[in-house]
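Report on the structure given below.
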Amino acid sequence: MKKTSLYFLLLMSISNLTICCQEKKETNIKPDTKDTLYMKTDFKWQEGLSCPLGYPIQVYRGWLEGPKISNGVNETPNSSTSIFGFGTTTGKGDWGKNSSGMSYGIKPIPQSLYCIWYSYVEDVMYEIDTELDYDKMIKLFNEGFQDSNRKRGKVMTTYNHITVGFAPGGVVVVWLQEGQKIVEIGRYQGYKTVISPKEIASLDSHEHLLFDPADRERTLNNPKIIPLEVQQANKNKPIPYGLWDSYRIKYCWRPIYVFIKEGKMLDDVSFTVFNGERETLLEEEFTKNEYQERAIPKILSIAWWDKNGQGYGGYILFDEREIFAAFKELHQKNPELNIDLEIKINPGSEHLRVTLKNGINALSLLKNKLEVYESRSLTEKYKKE
């Protein structure tokens, strides 16, 4: 137990590490509280839950609460959105993936989170009562972002989901999401708790199942909750405490593209990073392609035309161990340098060559899973438009 605790604390100490971009003038600056007074505070959104695949959870009690208002005697939240009663959260779709709740509508942005949840694999109840980064959420909801809409083209939109994620060790992460855009709000820490026998005895038969050892075993062996291949992969292995904190380490990097033969990239690229965030670079962002502080990429999707106007699309699923080791090695050798994730494209070929480089050193990434396919040609595109 001491070794496990020490390992967890060690990873916790690096969980907020960010490898800063060169020439970046401002980092981690919270919006001025005065500015938020002139911003909207009510938006249309829905709650949702997430957990890593293989580590299902169930919320016993929990809610997101809006800012408190005073009646002269005490303070009460101006809104409360429940996050319990959804059953078991399976983690299918992976860390950060939103499982929709039941309350979609215009309501205040939450300022705090209270929750008690059960971690099936650990057989532990956790509790958390914490303030959220309200100013950051208000700022992001008000700013919105540019999105690509097939019917309307490039449009401005904003977030419509607030997702609460639970990982082993009492780790809690909150994200904002809309479609393929996901932004982390913050990481929080829960603590172990125990529900009294008296309270358990008062529960109805459905709620009582959460405290039934037989139901726990059924859940852990249910392939619809934990796929058989995941059950086998995790069998007899220790829970990787601290893993989800290591996913939050950021480096300053950007994706770049090199054509071996003539070709042209489309004006956007999408990628999912290991900490659960998702990003799409559109138009001006894609053209500038500036270095940014980002977690390590997990999946990158691209599309391009060859010189004859034939369209192609594809994605790269990175090998976790390989890409984490490569980022770490490059940074340790030259911590002052930014990193390029270079994709070499050979139109007409199903091969994409991936290299991580910093201007001095380069490391080939060879264990990726790749898929390339033909899409519509430029001629077909213009006929439909």
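The values are calculated or read from the model by the stated rules, or taken from the named source; none is laboratory data. Note that this is a predicted model, so its numbers are computed, not measured. Every residue, glycine as well, gets a Cβ built from its backbone with ideal geometry; the counts of neighbours run over all protein chains shown.
On the given criteria, is Thr81 at pLDDT below 85, touching a Ser or Thr at 6+ places or on another chain (Cβ under 9 Å) and not in a loop (DSSP other than H, G, I, E, B)? If you could, list the steps in order and put the result at the bottom.
On the way: at pLDDT below 85: no; touching a Ser or Thr at 6+ places or on another chain (Cβ under 9 Å): yes; not in a loop (DSSP other than H, G, I, E, B): yes.
No; evaluated as a whole, the condition is false for this residue.
Going residue by residue through segment 260-274, is there one that turns out to be surrounded by 15 or more Cβ atoms within 10 Å (Cβ to Cβ) and in the same structural domain as Lys107 (by TED's automatic domain parsing)?
no
For Arg248, are the conditions met, namely being within 13 Å of the chain's Cα centre (by Cα), buried (at least 16 other Cβ atoms within 10 Å of the Cβ) and assigned to a loop (DSSP other than H, G, I, E, B)? Show your work before the answer.
Details: within 13 Å of the chain's Cα centre (by Cα): yes; buried (at least 16 other Cβ atoms within 10 Å of the Cβ): yes; assigned to a loop (DSSP other than H, G, I, E, B): yes.
Here the answer is yes, as Arg248 does meet what is asked.
I'm told Thr280 meets every condition in (1) closer than 20 Å to Lys97 by Cβ; (2) not in a strand (DSSP E or B) except one. Can you identify the failing condition by its number?
(2)
For segment 47-66, give me each residue that is crowded, with 23+ Cβ neighbours inside 10 Å and of a type in the set (Val, Ile, Thr).
Ile57
Restricting to segment 91-126, name every residue that is of a type in the set (A, V, I, L, M) and closer than 26 Å to Asp42 by Cβ.
Keep residues of segment 91-126 that are of a type in the set (A, V, I, L, M), which gives 102, 106, 109, 113, 116, 121, 124-125.
Within segment 91-126, Met102, Ile106, Ile109, Leu113 qualify.
Looking at (1) buried (at least 20 other Cβ atoms within 10 Å of the Cβ); (2) within 18 Å of Lys357 (Cβ to Cβ), which is the one condition that is false for Asp306?
(2)
Check Tyr126, Tyr120 and return the single one that is buried (at least 19 other Cβ atoms within 10 Å of the Cβ) and farther than 17 Å from Ile83 by Cβ.
The unique qualifying residue is Tyr120.
Among (1) outside any strand (DSSP E or B); (2) assigned by TED's automatic domain parsing to the domain that holds Ile343, where does Ser301 come up short?
(1)
Would it be correct to say that Phe318 is surrounded by fewer than 17 Cβ atoms within 10 Å (Cβ to Cβ), aromatic (Phe, Trp, Tyr) and either outside the structural domain of Ser375 (by TED's automatic domain parsing) or under 20 Å from the mean Cα position of the chain (by Cα) (or both)?
Details: surrounded by fewer than 17 Cβ atoms within 10 Å (Cβ to Cβ): no; aromatic (Phe, Trp, Tyr): yes; either outside the structural domain of Ser375 (by TED's automatic domain parsing) or under 20 Å from the mean Cα position of the chain (by Cα) (or both): yes.
Here the answer is no, as Phe318 does not meet what is asked.
Of Gln292, Gln310, which residue is in contact with a strand residue (DSSP E or B) (Cβ under 8 Å, 6 or more places away or on another chain) and more than 24 Å from Ser375 (Cβ to Cβ)? First the steps, then the outcome.
On the way: Gln310 fails: more than 24 Å from Ser375 (Cβ to Cβ).
Going through Gln292, Gln310 in turn, the sole match is Gln292.
Over 17 Å from the mean Cα position of the chain (by Cα), outside any loop (DSSP other than H, G, I, E, B), surrounded by 15 or more Cβ atoms within 10 Å (Cβ to Cβ) and in contact (Cβ under 8 Å) with a residue 12 or more places away in the chain: is that true of Leu341 in this structure?
Details: over 17 Å from the mean Cα position of the chain (by Cα): yes; outside any loop (DSSP other than H, G, I, E, B): yes; surrounded by 15 or more Cβ atoms within 10 Å (Cβ to Cβ): yes; in contact (Cβ under 8 Å) with a residue 12 or more places away in the chain: yes.
It is true that Leu341 is over 17 Å from the mean Cα position of the chain (by Cα), outside any loop (DSSP other than H, G, I, E, B), surrounded by 15 or more Cβ atoms within 10 Å (Cβ to Cβ) and in contact (Cβ under 8 Å) with a residue 12 or more places away in the chain.
Looking only at segment 113-135, how many residues end up being assigned to a strand (DSSP E or B) and touching a Ser or Thr at 6+ places or on another chain (Cβ under 7 Å)?
Let us first name the residues in segment 113-135 that are assigned to a strand (DSSP E or B), namely 113-119, 124-131.
Filter again for touching a Ser or Thr at 6+ places or on another chain (Cβ under 7 Å), leaving 113, 116, 125-127, 130-131.
Adding up the residues that qualify gives 7.
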